[in-house]
Amino acid sequence: MPSSCPECGSSNVVEDDLYSQRQWVCVDCGSVVSEGHLTTSLSEETQGRVVPYHASTEVLKQPCRNLIAGYSRVRALCRILRLSSDMESAVVSLFGRAYNHPSFIYVTLTKKEILGGCCVLSVCRQCNWPVAMGTIGYLLEVENTTLGAVYREFTKALNLEISSIGIMDMLESFCYEFKLGPQQVEEVFAEPPQRLLDRTSALIELAADAWIVTGRQPLPLLIASMYLAWQSLNPMVRMKYTFNKFCKIGQAPEQSWRRSRESVVKRLKELRDVLCKLGRELPWLRGDEVEPNTVVKLVDDILKNRKALLMRAVRNYEQQLQNETQTAQTTECDNEPLDSNRSDSPSSRTPELVDPGQAECENPPDKEATDCQLPSNHWSKRYLFLPPCVKSRKRQRVDAPQLEVTGDEDISDSEIESYIRSPDEIEMYRKVRKELKEA
C-alpha cells in the first residue's frame, strides 16, 4: 500500500476495487497512485483461481441417439411393470453402465434392446420384485432362450450377484393379474382373490412334493395351478369350462399364456396325473377309478390329507412292485422244468425267455424310441414320484459321420475304368470337335 500521493503529497490514499483490478487512488487530488495487474499464480490472485484453458472451454459429451432411445425404452418398461422411482433410476443407471461396457459396444441394436430388458430384470430380482423372465421376453418380443443367453452374458460381464426368485414369491402378484373378483365377473365365475391364492398355493406345494416344480419355468405352472384351483372351488359348475375359456373370463395377460400354451397343457396333465394317483388312495372311494377330467371334484379332500395320501400312495406302489416281482419269479420257476427238455437254440425259445441283450441284437428297437424312453429295468421304475429329468431321457443328438478324405486312399480297378472314356465316347468327341472346327 503506498504511503502518500506522489502528486500532492497527501497520505489520504484508499483502495478502489470497483473494476476488475485493484487500484490505489488519492482522495484529495483523485490521481491514481498505483494500479494492480492480472496475476497468474494462486498466491497473487485474490479474486479467483487459475482456470486452465481446456477446462474453461470444455463441453460435456452428449449421449448418442441410440443411448437416448434405450433410456426411453427402459423407462417405458419400468412404468409398464409399475416399478418405483428409485428402481427406475437404478435401471437407467445400470443400462448406461452396460451400454458403455466393452462387451456390448459393438453389438446389434436388437441385442442392446434386450440388454435393457436384462437391466430391468436384474433390478427387479435385486429388489425382490416378482417379475418373470417370460414377461420381459413378451414385452421385448424375443424368445426366452435368447433373453436368457444375453442375461447370463450381462451378469458375467458386470459381475453382478443376483439371487433367484422362487415360484411362491411370484404367486401373489400373479394371482391379482386375473380379473376374477366379485365385482369384475359374473357371480358364477367370481372368486375372492385371497381364497384363490390360498388354493393355488396349496396346489403348488403339492406339485413341489411330486417333483413337478423342479427344473420348470414358473409361469406355465402358475397358470395351470390357478386354473385347477379355480375349477376346484366350484367344480360342478366350472368343470365344463376349458383353459382358453378360463383365460378369457379372467382377462389373463397375453404374455402369461399365449406364448406358453403348450407348456401349460403339459403342466395341467402332470398335475392331474398326480391328483389321480392321490385320489385313488382316498378310503371312501373304495378303489373306484379316478378320471383326470373329473378329479377336480376331489381336490379339496386331497389337499386336506396331502401328507397321508402321499405316504400311502408310495407305500402301495412299492407293495405292488414287490408283488409283481414275486409273481414273475414264481412263473419262471414253474416254467423251468418245461424249458429243460427243449433245445438250447435261440429259435426254440419263447419270446418271453429269450435273453434281453440277445433279443435287442436280433430285433433292434426303433432308435427314436430308444433315445426318448427309459429301459424297462431302469431304477426310476421303483419310485412313484421323480424329477422330470429322471422320468424321461432327452433325445441324443446323433451327428452324421464325417468322411475323412486324404487323397491316399486305394482306388479299385472298376472305379478307374469308370473314369476312362469308352471307344464310342472317344469317337463322338472327335466328331463333335471336327464339326466345331469346320463351323
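The values are calculated or read from the model by the stated rules, or taken from the named source; none is laboratory data. In this text, all values refer to a predicted model and were calculated from it rather than measured experimentally. Cβ sites come from the backbone with ideal geometry, for glycine too, and all protein chains shown count toward neighbours. The area values use the complete protein model at the heavy-atom level, side chains included, leaving out ligands, DNA and RNA. Shrake-Rupley method; radii C 1.70, N 1.55, O 1.52, S 1.80 Å.
Things worth noting here:
- Burial order of peptide ranges 204-217, 119-132, 296-309, 420-433 (average beta-carbon count within 10 Å, highest first): 119-132, 204-217, 296-309, 420-433
- Label-to-label distance, nm, for residues given as H101 and A76 (7 Å Cα→Cβ offset): 2.4 nm
- Its relative contact order, with pairs defined as Cα atoms under 8 Å and 6+ residues apart, puts segment 145-285 at 25 percent.
- Packing-based ranking, highest mean first, of 188-197, 102-111, 152-161 given that Cβ atoms within 10 Å are counted: 188-197, 152-161, 102-111
- Surface accessible to a 1.4 Å probe, per residue, for the residues of segment 95-179, Å²: 50 Å²
- At q = 0.20 Å⁻¹ the log10 of I(q)/I(0) for segment 125-196 amounts to -0.92, computed by Debye summation with a single uniform scatterer per C-alpha, solvent ignored.
- Selection from T214, V188, Y227, by position along the positive dipole direction of segment 183-235 (Cβ): T214
- C-alpha center-to-center spacing [segment 208-282, segment 76-150] in angstrom: 29 Å
- Its Cα centre serving as origin, segment 285-327 has a Cβ charge dipole (Lys and Arg +1, Asp and Glu -1) of approximately 300 debye.
- Percent of Cα-Cα distances greater than 22 Å, calculated over segment 72-226: 48 percent
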